[in-house]
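J.: Sending over a structure as structure tokens; questions will come in a sec.
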């Protein structure tokens with residue numbers, strides 16, 4: 001197993017990208033406050049990710065990865081045609097998560113800080129996908145399934161994904177709560193695999209008014 005850990009510092013995040021995410025511009029009345037929060041964030045932001053490739057062991061109607069059994073029918077359907085898959089966990093980073101708590105008393109600054117954490121996650125995910133493309137999936141599309149994104153693979157499966165990768169908390173500081181939610185909350189986990197056609201979890205999610213929808217709802221798998 002070739003585990004890779006990404007740690008981005010300094011983070012490549014522009015003020016323009018933050019303003020775009022906030023749907024604001026330089027003429028906003030609180031622009032000075034936004035810039036102050038943004039500059040403070042750049043001093044501590046260190047988004048992180050860990051990933052590793054594993055061969056598929058398809059037996060007894062389940063997918064086995066690194067000795068861990070994934071027996072959800074959805075996971076088997078999605079991954080059974082693959083020879084190698086790449087489980088991963090990415091996060092905005094524990095440093096900026098701790099930093100953001102200083103803004104909990106101000107609704108607007110808290111919103112800005114939360115948006116910055118989301119952008120940090122997006123930056124490291126972009127690097128993550130680029131590295132996986134370069135190292136493991138040079139052709140086709142990279143698709144991903146994510147525990148908790150759809151009911152077919154619930155959040156309760158999150159510990160299994162952490163077990164497959166191993167030492168996630170030691171590697172990048174992401175921990176699981178008793179309810180299997182990741183801390184920091186601006187974290188993302190899943191399994192990447194190569195496909196001939198792009199797959200999005202959104203294709204199986206009936207929540208039609210989701211602002212983050214990337215593909216039309218296509219019904220059950």
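J.: What ranking do 46, 186, 101, 135 get, fewest neighbouring Cβ atoms within 10 angstrom at the top?
T.: If I rank by nearby Cβ atoms, fewest first, I get 101, 135, 46, 186.
J.: Now a separate question. Once you put a point 7 Å from the Cα of residue 118 and another 7 Å from the Cα of residue 35, both along the Cβ direction, what distance in nm separates them?
T.: Between residue 118 and residue 35, the simple spin-label model gives 2.4 nm.
J.: By how many nm would the segment from residue 107 to residue 163 lengthen if fully extended, with 0.36 nm per residue of separation less the alpha-carbon distance?
T.: 16.5 nm
J.: Same structure, new question: FRET efficiency for residue 57 and residue 2, Cβ-Cβ distance as r, R0 = 25 Å, nearest 0.05?
T.: On the way: r = 18 Å, r/R0 = 0.70.
For R0 = 25 Å, the calculated efficiency reads 0.90.
J.: Here's another thing I want to ask about it. I want to check the label-to-label distance for residue 25 and residue 197. Put each point 7 Å from Cα in the C-beta direction and report it in nm to one decimal.
T.: Taking the simple label geometry, residue 25 and residue 197 are separated by 4.1 nm.
J.: Which order results if 155, 139, 14, 144 are arranged by neighbouring Cβ count within 10 Å, fewest first?
T.: So the ranking, lowest neighbour count to highest, is 139, 14, 155, 144.
J.: Between the stretch 109-178 and the stretch 70-94, what is the separation of their alpha carbon centroids in Å?
T.: With the stretch 109-178 and the stretch 70-94 each reduced to a Cα centre, they are spaced 11 Å.
J.: What's the angle, to the nearest 10 degrees (0 to 90), between helix 107-135's Cα axis and the longest principal axis of the chain?
T.: The answer is roughly 40 degrees.
J.: Rounded, prolate or oblate: pick one for the chain, where a ≥ b ≥ c are the square roots of the eigenvalues of its C-alpha gyration tensor, a/c under 1.5 means rounded, and failing that, prolate if a/b is larger than b/c, else oblate.
T.: prolate
J.: Ignoring everything except DSSP H segments at least 4 long, calculate the 222 nm mean residue ellipticity for the chain; use -39,500 (n - 2.57) per segment, divide by total residues, nearest 500.
T.: Details: 7 runs with 78 residues, N = 221.
Helices in the chain give a 222 nm mean residue ellipticity of -10500 deg cm²/dmol.
J.: In what sequence do 177, 189, 7, 82 fall when counting other Cβ within 10 Å, fewest first? List each step's numbers first, then the result.
T.: Numbers: 177 10, 189 26, 7 13, 82 19.
Going from least to most buried by this count: 177, 7, 82, 189.
J.: Report the relative contact order of the stretch 4-204, percent, no decimals, based on alpha-carbon pairs under 8 angstrom and at least 6 residues apart. The partial results should precede the final answer.
T.: Numbers: 331 pairs, mean separation 52.5, N = 201.
26 percent.
Read-outs throughout are calculated quantities, based only on the coordinates presented, and are distinct from any laboratory measurement. Keep in mind that what you see is a predicted model, and the values were worked out from it rather than measured. When we count neighbours, we look across all protein chains shown, and the Cβ atoms used for this are built from the backbone with ideal geometry, even at glycine.
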